[in-house]
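Laboratory data are not the source of any read-out in this text; all were calculated from the coordinates shown. Just so it is clear, the structure is predicted and the values come from calculations on it, not from any experiment. Methodologically, a virtual Cβ is constructed for each residue, glycine included, from the backbone with ideal geometry; neighbour enumeration extends over all protein chains shown.
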Amino acid sequence: MADRPPRQLATGPRPRRRGLARLRPLTVRARATLGASAVVAIALAVASLSLLGLLDANLLHNAEADADAQAAAVAQAAVAGKLDPLLPPTHGADFIQVVSESGQVLTSSQNLTGHPPISPTRPTVPGTIRSTWDVGPLGDDYRQRVVQVTTETEGGLVTVYAGTSLRDADAADNTTSAALLVGVPLLLVTVAGVTWWVTGRALRPVEAIRAEVAEISDRDLHRRVPVPATHDEIARLALTMNATLDRLESSGQRQRQFIADASHELRSPITVLRTQLEVALAVRDPAAWPELISGALEDTDRLQHLAADLLLLARIDAAEPLPSQPLDLTELVREAIDKRRGDRLPIRAELAGDVQVIGSGLWLTRVVTNLLDNAQRFAERTVEVRLTRAPEDGLAVLEVTDDGPGIPPADRERVFERFTRLDDARSRDHGGAGLGLAIARDLAYHHHGTLNAEDAERGARFVLRLPPARTD
């Protein structure tokens, strides 16, 4: 078997992407991975900044509390006049210095012995000030948290400076920052990798569906896409795709059958017409010509009706929009009956007044005409037409009944198939091509209604139901 040439899935060059569109990922997998990574990166950035802020605030608060307690204790001693010449080392404060209002260092911790006042400014009112210095008075590289307490003593204002180093806070910040700088990228890489892998596994059935659909041509409509056993959205997508392929295959089969049936139906009258014309050409007796020409005209008329029916079916299959408008179905049915005064059998009508529907007057008249044609073709004595409105749902109900041989229950759906004749020979004698009921049902469906063959006491009964026109 020769290799089939590859099919072209697209015609013409692919459109070029401009601007920022060039940077946008082309695949769902890439977009999902990028989106998940971006969301996680933003969340980690916010969490990292919050963590560092809370950690620094907590350590700063602890250091400040210790320095505050030491400064308050020394200030109370200054008020009581019990300052020691050299303050002993204390827990929670790296240094302490007491300065008079004139700028004289009254006492300090041992590590500040001989140092000038920490601050060149002199407070003028009592109070407490808390501040952070980037470089401590001890020449330390770490920040210092200093609490300044100014109090009134017998000798005037005295200011106590108590400071503690923030080396522990800075070390904790540095360690945490280093850990985040290493951990956040690793976590992002992990999230991106897991998202890429999970998305790939999730989209694998979609790729299988796409590949299968790409291989299906108009000659392979029997093929179906694989349905994953996950019972999720992708499985439902596969089921929907298979249902669409079912409809396409069925439509293709109906189209092929329709073409075959139409060719057969057209071939018969054309053959008869050709034969009649050849006979008329061969016969030299003018007295025989009228009969031959009359037969040719009958077959021509049959061809004309058949061509009109085929054209209408093509329009229906093309799903052309209906020219819908409010219609008085009662008047439409009455006019259709009045035009048939010369029919073979009388029509007895019982029509309810003012039955309003929405639709095409031309096409609904065709539905009524086809039903009456079918009833006249098989009725023995009479045809009955009854139009009512269903009390439970307001549907317009049109019943066309004849007293003919009727339709067996097993064939009540088959009569609506195209080119179907339950009695082929008799249908041809009556001029039917097997399209009238099929056209009527298709037109009823286009009006959102139904047309069915239902039970009857005698003969056949066809019931057309149409939704009512809105009155609001």
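Of note:
- Along the axis of the charge dipole computed for the chain (Cβ charges of +1 for Lys and Arg, -1 for Asp and Glu, origin at the Cα centre), the listed residues L52, N242, A396 are led at the positive end by N242.
- Label-to-label distance, R122 versus A349, with points set 7 angstrom from Cα along the beta-carbon direction: 12.2 nm.
- For the stretch 244-290, alpha-carbon Rg over 2.2 N^0.38 Å: 2.05
- In plain terms, the chain from R31 to T113 could stretch by 22.9 nm, reckoned as 0.36 nm per residue minus the Cα-Cα distance.
- Computed over Cα pairs, the Kirkwood radius of the stretch 25-215 leads via Stokes-Einstein (0.890 mPa s, 25 °C) to a diffusion coefficient of 119 µm² per second.
- Along principal axes, Cα extents of the stretch 220-265, largest first, whole Å: 50, 14, 8
- Inter-probe distance in nm under a simple model that places probes 7 Å from Cα toward Cβ, at A235 and R130: 6.1
- Calculated Rg and Dmax of the chain using C-alpha coordinates, Å: 49.0, 158
- Radius of gyration and maximum dimension Dmax of the stretch 322-466, Cα, Å: 14.4, 42
- The charge dipole of the stretch 322-466, taken about its Cα centre with unit charges on the Cβ of Lys, Arg, Asp and Glu (plus for the first two, minus for the last two), comes to roughly 420 debye.
- Between E298 and R458, the FRET efficiency from the beta-carbon distance, with R0 = 51 Å, is close to 0.95.
- On Cα atoms only, tilt of 329-338 relative to the major axis of the chain in degrees: 20
- Sparsely packed loop sites in the stretch 250-336 (the trypsin sites (Lys or Arg not before Pro) outside DSSP H, G, I, E and B with at most 12 other Cβ atoms within 10 Å) comprise R284.
- Ranked list, fewest to most other Cβ atoms within 10 Å of each Cβ, for W363, W196: W196, W363
- Going from the fewest other Cβ atoms within 10 Å to the most, the residues I259, I118 appear in the order I259, I118.
- A dipole drawn for the chain from +1 and -1 charges on Cβ atoms has a positive end, and of A336, S37, Q97 the residue lying farthest that way is A336.
- Once you reduce the stretch 215-242 and the stretch 23-79 to the center of their Cα atoms, the two points are 51 Å from each other.
- Ellipsoid semi-axes in whole angstrom, largest first, where each is sqrt(5λ) of the Cα gyration tensor of the stretch 348-399: 22, 15, 8
- Gained length - D393 relative to S251, 0.36 nm times residue gap less alpha-carbon distance: 47.9 nm
- Distance between modelled label sites at A69 and A214, nm, 7 Å Cα→Cβ extension: 7.3
- Degrees, to the nearest 10: 233-282 long Cα axis against longest axis of the chain: 20
- One way to sum up the overall shape of the stretch 233-313 is the equivalent ellipsoid from its Cα gyration tensor, whose semi-axes run 48, 10, 5 Å, largest first.
- Loop-located trypsin sites (Lys or Arg not before Pro) in the stretch 21-103 whose Cβ has at most 11 other Cβ within 10 Å (DSSP): K82
- Remark: relative contact order (the chain) = 9 percent; criterion is Cα-Cα distance under 8 angstrom and separation of 6 or more residues.
- 0 to 90° range, to nearest 10: angle between helix 167-215 axis and the chain longest Cα axis: 10
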